[in-house]
Amino acid sequence: MTDYFQGNYPSHSVSLTKTAINTPIAEDVSEKLARTIAAAASDRKAGEILLLKVGDVSYLSDYFVMMTGYSRVQVRAIADAIEGKVVNEWHRRPLRTEGKTEGSWVLQDYGDVIVHIMMPREREFYNLEAFWINAERILLPNSDDGRSNPK
């Protein structure tokens with residue numbers, strides 16, 4: 001059946017689309033969005049902010065931004081601060097937000113950037129940093145993990 005439709009569409013359209021999505025310009029925009037998210041989290045005193053470039057090892061997203069909130073109220077406040085800053089600066093809302101009611105692990109999905117805001121117990125138990133060990137770590141200024149330098 002695909003042979004029938006192949007004549008109606010250029011055979012190279014899929015590969016061109018894929019190439020256009022993975023351009024350095026698109027990655028640069030995703031990284032800037034991820035840095036905006038990290039800055040908003042830092043403004044709300046999120047701890048251990050980690051920016052991972054997962055696009056090279058996963059198709060889920062280009063970047064993950066992980067951080068720790070030390071109370072359920074703080075986790076929700078961080079999520080609200082991130083959403084507000086991204087709306088103001090990027091005119092984007094998350095495609096999906098999960099866990100905000102419980103407040104122990106909030107996930108915000110912006111498509112090219114996925115945000116994980118976790119309480120210390122959840123962060124330690126799930127240990128996403130170890131799961132994504134092959135992802136490139138992007139250093140952030142003002143991060144409290146002791147290993148960061150401005151890029």
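Residues in the stretch 57-78 near a label at residue 137, defined as backbone nitrogen under 13 Å from the 7 Å Cα→Cβ point? Inside the label zone: 66. Charging the Cβ of each Asp and Glu at -1 and of each Lys and Arg at +1, and nothing else, the dipole of the stretch 80-122 about its Cα centre rounds to 60 debye.
Readers should treat all values here as calculations from the given coordinates under stated rules, not as data from a laboratory. These numbers were taken from a predicted model, which means no experiment stands behind them. Here the Cβ is made from the backbone with ideal geometry for all residues, glycine too, and neighbour counts use every protein chain on show.
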